[in-house]
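Data first, discussion second: the structure below is written as structure tokens.
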Amino acid sequence: MTSPVLYTFRRCPYAMRARLALLSSQTDCECREIKLSAKPEAMLNVSPKGTVPVLVLSDDRVIDESLDIMRWALSHSDPGRWLENTHYDLIERNDTLFKHHLDLYKYATRHQSDPHHHRHEALKILFDLEARLEISPFLNGKVFGLTDAAIAPFIRQFSATDSAWFAAQDIPRLQKWLKNFTSSHLFELVMHRFNPWQPDDKPVLLGNCA
């Protein structure tokens, strides 16, 4: 049986969280890094909407929503017990309200938006996450799980927009949570830099950084 094929883009937070779950579930998966300015025809043929991630299964089924890819992978194998105690309400808020403010903060010039307003609104959500981390070390509870993996790439993107400002905010638990995530071996594997995929390339498995 051939391995599933993942079309991905290294810096995209949606693709990042899909890769996190595939690695955590120890799913053998061919990784195809794309260039957003030159999306491969093979990807567009299976998912015309043209966004990553796209997972093509061995039976040719296509999953092209990141959260669905995470759940598919972990439903087959979940050695880290990521699916336990998942807070889908936090993920939904991240994917809608927080992502909205993140985009209008990070890409203010493109959207002609007020970055300080949207940064402030996003920070309100981070204060809530900070309060939750006072109760447990992870958003999922006692251990890192699906909730953490689904949200962390977006917090990372937010923090990097103005790292000095982010470091000065009164959210020490969230800052520590993010630092532990970005310094983990799993994150190192997830952020391995692959060359953009070409149709004649030999398959490269996700997690194989050799």
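At-a-glance table
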read-out: FRET efficiency for residue 111 and residue 164, using Cβ-Cβ distance with R0 set to 30 Å, rounded to 0.05; value: 0.85
read-out: Pairwise label distance in nanometres, residue 134 with residue 88, each label 7 Å out on the Cα-Cβ vector; value: 2.9 nm
read-out: Computed [θ] at 222 nm, deg cm²/dmol, the chain (DSSP H ≥ 4; -39,500 (n - 2.57); rounded to nearest 500); value: -14500 deg cm²/dmol
read-out: Cα-based Lys proximity count in the chain, under 29 Å, for pairs eight or more positions apart or on separate chains; value: 24
read-out: Where labels lie 7 Å past Cα in the beta-carbon direction, separation of residue 185 and residue 75 in nm; value: 3.0 nm
read-out: Tilt relative to the chain, helix 13-24 - C-alpha long axis, 0 to 90 degrees, to 10; value: 70 degrees
read-out: Fluctuation leader among 126, 23, 97 - the chain, Gaussian network, Cα springs under 10 angstrom; value: 97
read-out: J(HN,Hα) series, the range 157-166, from Karplus relation 6.51 cos²θ - 1.76 cosθ + 1.60, nearest Hz, glycine and proline x; value: 5, 5, 5, 6, 5, 8, 5, 5, 4, 4
read-out: Vicinal HN-Hα couplings computed from phi for the range 114-121 (Karplus, 6.51 cos²θ - 1.76 cosθ + 1.60; Hz; Gly/Pro x); value: 8, x, 5, 4, 6, 5, 5, 5
read-out: Of 45, 94, 85, the one that fluctuates the most in a GNM where the chain has Cα springs shorter than 10 Å; value: 45
read-out: Gaussian network model of the chain, springs between alpha carbon atoms under 10 Å - residue of 87, 116, 100 with greatest fluctuation; value: 116
read-out: Residue 28 versus residue 143: modelled label distance in nm, points set 7 Å from Cα along the beta carbon direction; value: 2.5 nm
read-out: Square roots of 5 times each gyration tensor eigenvalue, C-alpha, the range 5-81, largest first, Å; value: 21, 13, 10
read-out: Selection of trypsin sites (Lys or Arg not before Pro), the range 65-144, meeting DSSP coil and at most 11 other Cβ within 10 Å; value: 142
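Every number here is computed from the coordinates shown, using simple stated rules; none is lab data. Since we're looking at a predicted model, the values are computed, not measured. Backbone-built Cβ (ideal geometry, glycine too); neighbour counts: all protein chains shown.
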